[in-house]
Amino acid sequence: MVCAALVAAGCTTGHPSAVAAPTAPAARSAQATSSGGASAQPHSTSPAPGAATSGDSLFPNDGNGGYDVTHYGIRISYDPATKTLTGTDTITAVATQALSRFDLDLHALTVSSVTVSNVSATFSRVADKLVVAPKSPVADGAKFTVTIRYGGVPKPYDDPALGFEGFIPEPDGALAQGEPQVAASWFPVNDRPTDKATYDITITAPSTLAAISNGVLVSKRANGADTTWHWVESAPMASYLALVAIGNYRVTTSTHNGLPVVLAVADSLPRSVDTALAETPKVLDFLVSQFGAYPFDAVGGVVHNDGRIRFALENQTRPTYAPAFFMTPQDSTTVIAHELTHQWFGDSVSVGDWSDVWLNEGFATYAEWLWSEHEGRETPKEQFDDIYKSGGLPLDPPASPTEATVFGRSSYLRGAATLEALRIAVGDDTFWRIVRGWAQLHAGGNATTAEFVAYADQVSGRSLDTFLHAWLYERGKPTYPTRLG
């Protein structure tokens, strides 16, 4: 995610020759780290309630325990005239303990029925939790399905610290996007980034409107006054990255190097925005040259025209942008570089805890610096020096944020500065082996700051713990980096 106030002039470094990433046997595999916290759950043959919290250090009430979701099949219909959503969510999951009941996250909407493996279940609501009690307990390790029918008028979140986000009604449709609170405002979900799943998202809306979501559009069928759009995201995705954009959009489709490209611009915006967004494949090609193969099977972007939303967000395969980023070509390509970089760092490799968000935002901001150099402007080293010497380096450490500061300047700017400091310390060849290897090692999973430090140690062949600790965990201005001997 990038807020309008944080858009920086991009900076890009040409990538040195590609070097194969080393393996990391000591690090957890992507599969292990994307298990929804299953490894932390005690196994028991006696049925017990799944945890109603996620254990996240910043947002423990978002997310639940006792099961691992593998797939969401979401079908929604939306009527912009009444602002009413009607939905069916079919969840495929695996129990990580014997379950007498379990929780899902759901905000404001009303549930009419729940079945567990096709058998009616009892349910209740406690604040933003949907508590489900199956007729028979779910055995530890069992695969099961949960089908929830629900509906109502979605209610966005308006948090003083986190901003305005969620499923947001628009004059001509709706927009569902945000971080970290969004998914539960439009479908029942285990709303934690460590429980990634694949998605089928089917949206029915008036035929005069477009209905955009993640992944590949597999069908679009008109039925009278309505049209149903069916999108499939086949790679594991964190729940906050699931997108709905319904409205009057100019939609263009194409392919680029075999990838489906879907670009959508609000009809109320000038055509110059379409031209700017069309730079997406060009920016993607550059990022591939830096970070390695693109991790997903589709790409694109959506530019809405809601003045209440002043940020861009890295929705998987299809980032969303506020129109303010498209006032100048430099700003637009810079923010595209930022959000597309999240496809590697944030979307493919997702956080193990929300306190690790610098691993998303630091890399994406660093990509802005890389893009700047690519475009003939400042290099990453020049941007780093400007920030360090001018007093612009945030003093708060990026790897120990609070709920109020998790999306603050430190996660972005000091996160990026940490990466450039690491590059100075270990040299270009080792730095790029760390960056590319990190993206490959944890692709499709989750990872933590501690794992990043351990991986940097392994690839560099030296202990970087003290050096990185100063940049990531200590308040104040770290010593200017020098090449380690």
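Brief remarks follow.
- Karplus 3J(HN,Hα) series, Hz, for the range 210-221 with 6.51 cos²θ - 1.76 cosθ + 1.60 (x for Gly, Pro): 8, 9, 9, 8, 8, x, 9, 7, 9, 7, 8, 10
- When peptides 201-211, 460-470 are ranked by their average number of other Cβ atoms within 10 Å per residue, the highest-first order is 201-211, 460-470.
- Helix 329-341 axis, angle to the chain major axis (alpha carbon atoms, nearest 10°): 70 degrees
- In plain terms, the chain from ASP158 to SER463 could stretch by 105.5 nm, reckoned as 0.36 nm per residue minus the Cα-Cα distance.
- When Rg and the Kirkwood radius Rh are both evaluated on Cα atoms of the chain, their ratio Rg/Rh stands at 0.97.
- Computed from backbone phi, the HN-Hα couplings of the range 45-59 come to 7, 8, x, 8, x, x, 4, 8, 9, 9, x, 4, 6, 9, 10 Hz, rounded to whole numbers (Karplus: 6.51 cos²θ - 1.76 cosθ + 1.60, θ = phi - 60°; Gly and Pro given as x).
- Amide H contacts under 5 Å for LEU130, placed H, 5+ residues apart: LEU104, ASP105, LEU106
- Dipole of the range 230-317, positive direction: furthest Cα of TYR240, HIS304, THR253, with charges on the beta-carbon: HIS304
- Calculated P(r) of the range 221-295 - Cα pairs past 15 Å, %: 70 percent
- Length released on extending from ARG310 to ARG221, taking residue separation times 0.36 nm less the Cα-Cα span: 28.7 nm
- Simple point charges give the picture: +1 on the Cβ of Lys and Arg, -1 on the Cβ of Asp and Glu, and for the range 363-485 a dipole about the Cα centre of about 200 debye.
- Solvent-accessible area assigned to carbon and sulfur over the range 45-114 amounts to 53 percent, based on a 1.4 Å probe.
- In terms of its alpha-carbon gyration tensor, the range 68-147 comes out prolate; a/c meets the 1.5 threshold, and the first ratio a/b outweighs b/c.
- Cα-based reach from LYS282 at 18 Å (exclusive), listing aspartates and glutamates while leaving out same-chain residues under 8 positions away: ASP274, ASP297, GLU314, ASP331, GLU339, GLU368, GLU373, GLU375
- Our coupling estimate for the range 200-208, obtained by passing each phi through the Karplus curve with A = 6.51, B = -1.76, C = 1.60 and θ = phi - 60°, is 10, 10, 10, 10, 10, 8, x, 5, 6 Hz, Gly and Pro reported as x.
- Of GLY408, THR202, THR430, farthest towards positive along the dipole that unit charges on Lys, Arg, Asp, Glu beta carbons give the chain: THR202
- Heavy-atom accessible area per residue - the chain, 1.4 Å, Å²: 36 Å²
- Set of aspartates and glutamates near LYS155 by C-alpha distance (under 19 Å), chain-local residues within fewer than 8 positions excluded: ASP62, ASP79, ASP89, ASP105, ASP128, GLU165, GLU170, ASP172, GLU179, ASP191, ASP306
- Apportionment of accessible area to carbon and sulfur, the range 177-288, percent (1.4 Å): 52 percent
- Cα centre as origin, Lys/Arg/Asp/Glu Cβ charges: the chain dipole, Debye: 640 debye
- Helical mean residue ellipticity (222 nm; -39500 (n - 2.57) per DSSP H run of 4+; nearest 500) of the chain: -7000 deg cm²/dmol
- Farthest towards the positive end of the charge dipole of the chain, among the residues THR110, LEU263, ALA81, is the Cα of THR110, using unit charges on the Cβ of Lys, Arg, Asp and Glu.
- Helix 449-460 and the longest principal axis of the Cα set of the chain meet at an angle near 40°.
- Cut-off under 5 Å, modelled amide H: who pairs with VAL303 long-range: ALA264, VAL265, ALA266, TYR321
- Gyration tensor verdict on the range 323-481 (Cα atoms; rounded if a/c is under 1.5, prolate if a/b is larger than b/c, oblate otherwise): rounded
- Simple label model, 7 Å out from Cα along Cβ direction - LYS135 to ASP396, nm: 5.1 nm
- Peptide ranges 369-382, 347-360 listed from the most packed, as the mean C-beta count within 10 angstrom indicates: 347-360, 369-382
- About the centre of its Cα atoms, the range 182-256 shows a dipole size close to 180 debye [charges on the beta carbon of Lys, Arg (+1) and Asp, Glu (-1) only; nearest 20 debye].
- For LYS135, the lysines whose Cα comes closer than 20 Å to its Cα, not counting residues fewer than 8 places off in the same chain, are LYS143.
The values are calculated or read from the model by the stated rules, or taken from the named source; none is laboratory data. Not measured: the values here are computed from a predicted model. Counting neighbours? That spans all protein chains shown, and the Cβs are built from the backbone with ideal geometry, glycine included. Side chains included, ligands, DNA and RNA excluded: accessible areas come from the protein's heavy atoms. Shrake-Rupley method; radii C 1.70, N 1.55, O 1.52, S 1.80 Å.
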